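Right, one structure below, let's go through it.
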Amino acid sequence: MSNQEEIVIDEWDIKLEKMLVELKNCQESNNLKSCTPCSVFFECELRKKYVIAVYESMNKGSGGGFEF
């Protein structure tokens, strides 16, 4: 990235950043470095919301499904 390019932060990036803060706070409160060892890993609503926020940040809310 050159010095002349500006980084544009949109609503999707702001939402993602907020979710990341919430997720990290949860990890810290449970003395974890990641969600993986957590006993509610697959049922965790916070983690599910974070995954959705990541996806929406990537596609800027245009919808669609995960395609790998």
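The values are calculated or read from the model by the stated rules, or taken from the named source; none is laboratory data. No experiment lies behind these values; they were computed from the predicted model shown. Remember, those area values only see protein heavy atoms, side chains included, never the ligands or the DNA or RNA. Shrake-Rupley method; radii C 1.70, N 1.55, O 1.52, S 1.80 Å.
How much length is gained if the chain between S39 and E11 is pulled fully straight, taking 0.36 nm per residue apart and subtracting their Cα-Cα distance, in nm to one decimal?
Full extension from S39 to E11 adds 6.9 nm.
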### Task
Please list S29, S39, S34 in order of solvent-accessible area, largest first, computed with a 1.4 Å probe with all protein chains present.
S39, S29, S34
